1. Please go through the stretch 112-125 and give me each residue that is open to solvent by 50 Å² or more (accessible area, probe 1.4 Å) and part of a loop (DSSP other than H, G, I, E, B), ordered by number.
2. Right, residue 33: touching a residue at least 40 places away in the same chain (Cβ under 8 Å), under 15 Å from residue 100 (Cα atoms) and polar (S, T, N, Q) or not?
3. Collect the residues in the stretch 10-26 that are over 11 Å from the mean Cα position of the chain (by Cα) and open to solvent by 30 Å² or more (accessible area, probe 1.4 Å), keeping them in residue-number order.
4. Looking only at residues that are part of a strand (DSSP E or B) and touching a Phe, Trp or Tyr at 6+ places or on another chain (Cβ under 7 Å) in the stretch 40-58, which one is most open to solvent (accessible area, probe 1.4 Å)?
5. Run residue 74 past the list (1) at pLDDT below 95; (2) surrounded by fewer than 20 Cβ atoms within 10 Å (Cβ to Cβ) and report the number of the one that doesn't hold.
6. So, in the stretch 83-111, exactly how many residues are over 15 Å from residue 37 (Cβ atoms), open to solvent by less than 60 Å² (accessible area, probe 1.4 Å) and not in a loop (DSSP other than H, G, I, E, B)?
Amino acid sequence: QVQLVESGGRLAHPGGSLSLSCTASGFTYTDYSMAWFRQAPGKDREFVAAISSSSRMTYFEDSVKGRFTISRDNAKKMVYLQMNSLKPEDTAVYYCAATTLWRGHRWHDYDMRYWGEGTLVTVSS
């Protein structure tokens, strides 16, 4: 049974920090690149960040570069998203996803094989 379970979403203030976690099970985790997507109310799901299977490569959407970092722990089968300098426009449901592909600077939701159900991040004063 394949599972991706996100955690850590909560209310945060602008300028604050928040860390999200995703725990994987049911597939060969080390064969997969991992990614974070997000979906704000009334908007399409969009790419946030990705990390390759060995952590050798990472890629970030322009609006989060310099603010967010992605990391993974293959022994724990977990991937993390550290979010700093949060902005109200970061408010969204955040999803982790898995793919056997490395898409460089081109990331789309249809390339993902497995998805979590999301965790809500609200950035508001």
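1. Kept after step one, since they are open to solvent by 50 Å² or more (accessible area, probe 1.4 Å), are these residues of the stretch 112-125: 113, 115, 117, 120, 124-125.
The answer is 113, 117, 124, 125.
2. For residue 33, the condition - touching a residue at least 40 places away in the same chain (Cβ under 8 Å), under 15 Å from residue 100 (Cα atoms) and polar (S, T, N, Q) - is met.
3. Selection gives 10, 11, 13, 14, 15, 17, 23, 25, 26.
4. Per the criteria, the residue is 46.
5. Here residue 74 meets the rest and fails (1).
6. 0
The values are calculated or read from the model by the stated rules, or taken from the named source; none is laboratory data. As the structure is a prediction and not an experimental result, all values here were calculated from the model. When we count neighbours, we look across all protein chains shown, and the Cβ atoms used for this are built from the backbone with ideal geometry, even at glycine. For the accessible areas, the whole protein counts, side chains as well, though only heavy atoms, and no ligand, DNA or RNA atoms are used. Shrake-Rupley method; radii C 1.70, N 1.55, O 1.52, S 1.80 Å.
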